[in-house]
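First up is the structure itself, then whatever we jot down about it.
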Amino acid sequence: MNAPTPASNVLTGAPLPPNVTVVDHPMIQHKLTLMRRSRTPANEFRLLLREISMLLAYEVTRDMPTELIEIETPLATMQAPVVAGKKLCLVSVLRAGGGILEGMLEILPAARVGHVGLYRDPVSLAAVEYYLKLPRDISSRTAIVLDPMLATGNSAVAAVSEIKAAGCQSIKFVCLLAAPEGVQAMYEAHPDVPIFAAAVDSHLNDHGYIVPGIGDAGDRIFGTK
Ligand code: URA
C-alpha cells in the first residue's frame with residue numbers, strides 16, 4: 001500500500017488538522033463507494049466494512065516498533081523481525097464500533113478488547129455514557145479507538161477522555177468517515193491522538209449526520225431501522 005495522503009478533505013480540498021491521516025487507497029475508496037450506496041444491503045455493508053477495517057488496521061499499526069529475534073528456517077538461522085513495544089487494546093465505541101472491530105481483530109488477533117457505550121442525545125447531540133469496560137492493564141497498552149463515524153466528535157472526545165482517565169496515554173482513533181467538524185473537535189480536545197479515516201466528507205447536516213456519508217452506521221451494519 002502507498003503511504004497515506006497528507007491530510008486534506010477529499011471532498012472539499014480544505015486542509016485538515018495535522019493529526020489526521022486519510023487512508024486514500026483505491027481499494028478502500030472503491031469499497032467505501034459501495035458502502036455509501038443506499039441500496040447496498042446490510043450483509044454486503046458489513047463485509048465491506050470488515051474488509052476496509054483490515055486495510056485500516058495495516059495503516060494504524062504502520063509505526064509499531066519491531067525487534068529482531070533468532071529463528072530457525074528450514075535452511076538457516078536468522079535474525080527476523082517481530083512486533084515489539086506496547087501491546088494493543090482495541091476499544092469499540094458501541095454499537096457501530098463493532099463493525100470495525102471484526103476486521104481489526106482479523107489482523108490483530110492478540111489485541112485485548114475494551115468497550116465504551118455512548119449514545120448521542122438526539123436533541124443536544126451530546127455524548128451520554130452508559131457502559132465502560134477496559135482491560136485492567138490499559139495504562140501499559142496502546143488503545144486504538146474504533147467508531148465508524150467521527151461526526152460531531154462528541155462521542156470520540158468522550159471515549160478518549162475516559163480511556164485517558166483510566167491511565168492510558170497512547171491512543172489512536174480509527175473511523176471510516178469523518179466530518180471536518182469532528183476532526184476539528186478531536187484536535188482541539190485531544191491533539192495528541194492521531195486519527196485515521198478512509199475519507200473526510202463535506203459537512204454535518206442539522207441532525208448531526210455526515211454528508212454525503214453512509215447514513216446511520218449502526219442501522220446499516222445491523223439492518224435495523
Ligand atoms: N453517526 C452515524 O451513524 N452516521 C452519521 O452520519 C453520523 C453519526
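The values are calculated or read from the model by the stated rules, or taken from the named source; none is laboratory data. What you are looking at is a predicted structure, and each value in this text was computed from that prediction instead of being measured. Glycine also receives a Cβ, built like all others from the backbone with ideal geometry; neighbour counts cover every protein chain displayed.
So which strands (runs of 3 or more DSSP E) are wholly in the stretch 58-98 and hold at least 1 residues that are of a type in the set (Asp, Glu)?
66-72
Can you tell me which residue among Ser139, Ser155, Ser124 is polar (S, T, N, Q) and buried (at least 24 other Cβ atoms within 10 Å of the Cβ)?
Ser155
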**Item:** Test result for Gly182, modelled with pLDDT of 95 or more, within 15 Å of the ligand (Cβ to nearest atom), more than 25 Å from Leu108 (Cα to Cα) and touching a Phe, Trp or Tyr at 6+ places or on another chain (Cβ under 8 Å)
**Value:** no
**Message:** Being within 9 Å of the ligand (Cβ to nearest atom) and without any contact (Cβ under 8 Å) to a residue 24 or more places away in the chain is the filter here; which residues of the stretch 197-206 pass it?
**Reply:** Asn205
**Asked** Taking the stretch 2-18, which residues are part of a loop (DSSP other than H, G, I, E, B), at pLDDT below 60 and within 23 Å of Ile171 (Cβ to Cβ)?
**Response** Ala3, Pro4, Pro6, Ala7
**Message:** For the structure I just gave you, tell me whether Ile210 is under 25 Å from Gly103 (Cα atoms), without any contact (Cβ under 8 Å) to a residue 40 or more places away in the chain and either touching a helix residue (DSSP H, G or I) at 6+ places or on another chain (Cβ under 8 Å) or within 16 Å of the ligand (Cβ to nearest atom) (or both).
**Reply:** no
**Message:** Could you check the stretch 102-130 and list, in sequence order, the residues that are touching a helix residue (DSSP H, G or I) at 6+ places or on another chain (Cβ under 8 Å), outside any strand (DSSP E or B) and more than 14 Å from the ligand (Cβ to nearest atom)?
**Reply:** Glu102, Gly103, Met104, Glu106, Ile107, Leu108, Ala111
**Request:** Would you please name the residue that is farthest from the chain's Cα centre (by Cα), looking only at residues in the stretch 180-207 that are surrounded by 15 or more Cβ atoms within 10 Å (Cβ to Cβ) and assigned to a loop (DSSP other than H, G, I, E, B)?
**Result:** Ser202
**Asked** If you go through the stretch 83-105 one residue at a time, do you hit one that is surrounded by fewer than 17 Cβ atoms within 10 Å (Cβ to Cβ) and on the phi > 0 side of the Ramachandran plot?
**Response** yes
**Message:** Can you confirm whether Ala156 is away from the ligand (no atom under 16 Å from the Cβ), under 20 Å from Leu94 (Cβ atoms) and modelled with pLDDT of 95 or more?
**Reply:** no
**Message:** Just the residues that are among the small types (Gly, Ala, Ser), more than 10 Å from the ligand (Cβ to nearest atom) and closer than 24 Å to Leu55 by Cα, please, taken from the stretch 131-153.
**Reply:** Ala143, Gly153
**Message:** Checking the condition assigned to a loop (DSSP other than H, G, I, E, B), surrounded by 12 or more Cβ atoms within 10 Å (Cβ to Cβ) and at pLDDT 95 or above, which residue from Thr33, Thr40, Thr21 passes?
**Reply:** Thr40
